[in-house]
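Shown next, in structure tokens, is the structure this report addresses.
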Amino acid sequence: MVKRVVVGAHYGLKDWLGQRVTAAVMAIYTLLLVVVLLSHPGLNYPEWKSLVASQWMRVATVLFFFCLYYHAWIGVRDILMDYVHPAGARLMAQIVVVLALVLYAIWTVQILWS
């Protein structure tokens, strides 16, 4: 009889590429935000609110945060697969992380479109 050890999936190139692409998207957004902030010196609350209320900024911000959540999921999942050896504990931790990231994503959309 073969004893199967549950260690999780090994996605390899897909996740490596996913982290690089999400990191690039987040870096571009950060540079864009820096350029916008430097081009508006002395930005006050009404100007900031109008900037964030623009459709392109909302979409860019949601894309940034979704990339952040996916990037975080890949990293945390890999850490849990490497360092949490009991399968039940690892599964429970992964469920908690996924639920938290989904709730953060919902909260992000609610904040930006409310």
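No lab work stands behind these numbers, since they all come straight from the coordinates. Predicted model, so just to flag it, every value in this text is computed and none were measured. Glycine also receives a Cβ, built like all others from the backbone with ideal geometry; neighbour counts cover every protein chain displayed.
Couplings 3J(HN,Hα) for the range 89-103, derived from phi with the Karplus relation 6.51 cos²θ - 1.76 cosθ + 1.60 (θ = phi - 60°), are 5, 5, 4, 5, 5, 5, 5, 4, 5, 4, 4, 4, 5, 5, 5 Hz, where x marks Gly and Pro. From its DSSP helices (H runs of at least four residues, each -39,500 (n - 2.57)), the chain gives a residue-normalised ellipticity at 222 nm of -28000 deg cm²/dmol.
Once the Cβ-Cβ distance of I111 and K14 is raised to the sixth power relative to R0 = 30 Å, the FRET efficiency obtained is 0.50. Within the range 47-80, what residues put their amide N at less than 12 Å from the label point 7 Å along the Cα-to-Cβ vector of Y104? Counting backbone N atoms under 12 Å from the label point, the list is 65-77. Enter the angle in degrees (range 0 to 90, nearest 10) between the Cα long axis of helix 55-83 and the first principal axis of the Cα atoms of the chain, meaning the one along which they spread out most. Once rounded, one gets 20 degrees. Modelled this way, with points 7 Å down the Cα-to-C-beta line, the labels at V34 and Y83 are 2.9 nm from one another. Helix 13-39 and the longest principal axis of the Cα set of the chain meet at an angle near 20°. Solvent-free Debye calculation, one equal scatterer per alpha-carbon of the chain: log10 I(q)/I(0) at 0.09, 0.17, 0.21, 0.22 Å⁻¹ equals -0.36, -0.92, -1.17, -1.22.
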